[in-house]
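The values are calculated or read from the model by the stated rules, or taken from the named source; none is laboratory data. These figures come from a predicted structure and were not determined experimentally. Backbone-built Cβ (ideal geometry, glycine too); neighbour counts: all protein chains shown.
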């Protein structure tokens, strides 16, 4: 993979990360009301944050080979910020999927279970959005220190 392709992908990933964080806010807001339907919002935000995460996974190998050691030599604290960013990103994706699963389970659930499942979905998307914002902020901080 060429250097220019990685550099462009890194920038796109950063911008899409902020958009993914914003996208996760949408189902979190819609699902405040347990009777509100949000099929499209839940599906698109979960898919989008997953796709952005997959781009990050694809970028990890060139990052590890070309950037990581230099960051840890020059500023270990910035290197550890990137490590935390990875963990928070995984948490955001996991919580988005947990929220989507709870929302989907609520569709066919009985009336007494539907409300609690929708509530779980709401709080999962709230937490996913918060983690995604933290992830994007840490990613921006690291990228402003050193980039491809």
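As for segment 3-10, it holds no residue that is closer than 21 Å to residue 90 by Cα and without any contact (Cβ under 8 Å) to a residue 40 or more places away in the chain. Only one of the numbered conditions (1) part of a helix (DSSP H, G or I); (2) more than 14 Å from the chain's Cα centre (by Cα); (3) at pLDDT 90 or above; (4) surrounded by fewer than 20 Cβ atoms within 10 Å (Cβ to Cβ) is not met by residue 51, and that is (2).
I'm trying to understand the selection: among the residues of segment 68-78, which are surrounded by 15 or more Cβ atoms within 10 Å (Cβ to Cβ) and touching a residue at least 40 places away in the same chain (Cβ under 8 Å)? The answer is 71, 78. Exactly one residue out of 41, 45 is under 26 Å from residue 119 (Cβ atoms), more than 12 Å from the chain's Cα centre (by Cα) and buried (at least 18 other Cβ atoms within 10 Å of the Cβ), and it is 41. For residue 86, the criteria (1) in contact (Cβ under 8 Å) with a residue 40 or more places away in the chain; (2) closer than 17 Å to residue 57 by Cα; (3) surrounded by 16 or more Cβ atoms within 10 Å (Cβ to Cβ) hold in every case but one, which is (1). Checked against the criterion of being outside any loop (DSSP other than H, G, I, E, B) and more than 14 Å from the chain's Cα centre (by Cα), the candidates 106, 89, 136, 124 yield just one match: 106. Assessment of segment 6-27 against the conditions (modelled with pLDDT of 95 or more, closer than 20 Å to residue 117 by Cα, under 10 Å from the mean Cα position of the chain (by Cα) and surrounded by 14 or more Cβ atoms within 10 Å (Cβ to Cβ)) yields at least one matching residue.
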